[in-house]
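The structure appears right after this line, and notes come after that.
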Amino acid sequence: MNRLVLFAACLLVPMSALSAETASRTIEGQHGTLNPQDTGIGMLKRKIELGMTDTITCAMGYYVTKSGSHDLARKFFKQCAEAGYTGAMTWMSQLENNGLGGDYNPDAATAWDKRAADAGDPVGKFNYGIGLIRGHGVDRNEDLGRQYVDEAANDGLQIAKRLQGADYDLDEVTPDADNWKYAPLF
């Protein structure tokens, strides 16, 4: 018998001994995990449970958010943000600012943007600058807000350059951005 055929037959025997049910589910054991989730939402949940973060995994949080799994996205992005991924910080801001997977919390949203800005993230700088200009989630300070927008523009963020070109008129970058939400309450 051909060695390759014999080798393949040997590999198939253990698999055929498993039931279809066992072969399709994840089983935790003392020696590790049989059939771990290695794609999709199941894999992401497992990584959260294990406290695992990396650039590619944190980037996948976007798809979790877009799938509508906001509770999972919140756990996922918080873990990635705590590990220092600034993109996850700006996504946490988005979740907080829109009440996704939790209560609407403009103060927390702005705090996440500030944290990303302090870490050098251009989107964090831009978002925090807009928060300061509006006085949303932070005391209003238009001059400081413009400085943050300018830093984001200097970092190459095109939308920040666009806002500068419009003399910081927020309608240029957020033309119908829930003005009721950002209007002063006095």
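The values are calculated or read from the model by the stated rules, or taken from the named source; none is laboratory data. Source: prediction; values computed, not measured. As a convention, Cβ positions derive from the backbone with ideal geometry for all residues, glycine included, and neighbour counts pool all protein chains shown. Note: areas computed on protein heavy atoms with side chains; ligands, DNA, RNA excluded. Shrake-Rupley method; radii C 1.70, N 1.55, O 1.52, S 1.80 Å.
Among the residues of segment 54-87, just one is buried (at least 19 other Cβ atoms within 10 Å of the Cβ), more than 18 Å from G42 (Cβ to Cβ) and of a type in the set (A, V, I, L, M), namely A81. Look at Y168 and say whether it is modelled with pLDDT of 95 or more, open to solvent by less than 80 Å² (accessible area, probe 1.4 Å) and touching a Gly at 6+ places or on another chain (Cβ under 6 Å). No. When each of G42, G87 is tested for being out of contact with any helix residue (DSSP H, G or I) (no Cβ under 6 Å at 6 or more places or on another chain), at pLDDT 90 or above and either assigned to a helix (DSSP H, G or I) or among the acidic types (D, E) (or both), the lone residue that passes is G87.
Can you name the residue in segment 112-123 that is within 16 Å of C80 (Cβ to Cβ) and in a helix (DSSP H, G or I) and, of all such residues, is most open to solvent (accessible area, probe 1.4 Å)?
R115
Can you tell me which residue among L144, L95 is in contact (Cβ under 8 Å) with a residue 24 or more places away in the chain and either open to solvent by 30 Å² or more (accessible area, probe 1.4 Å) or assigned to a helix (DSSP H, G or I) (or both)? Being in contact (Cβ under 8 Å) with a residue 24 or more places away in the chain and either open to solvent by 30 Å² or more (accessible area, probe 1.4 Å) or assigned to a helix (DSSP H, G or I) (or both) holds for just one of L144, L95, which is L95.
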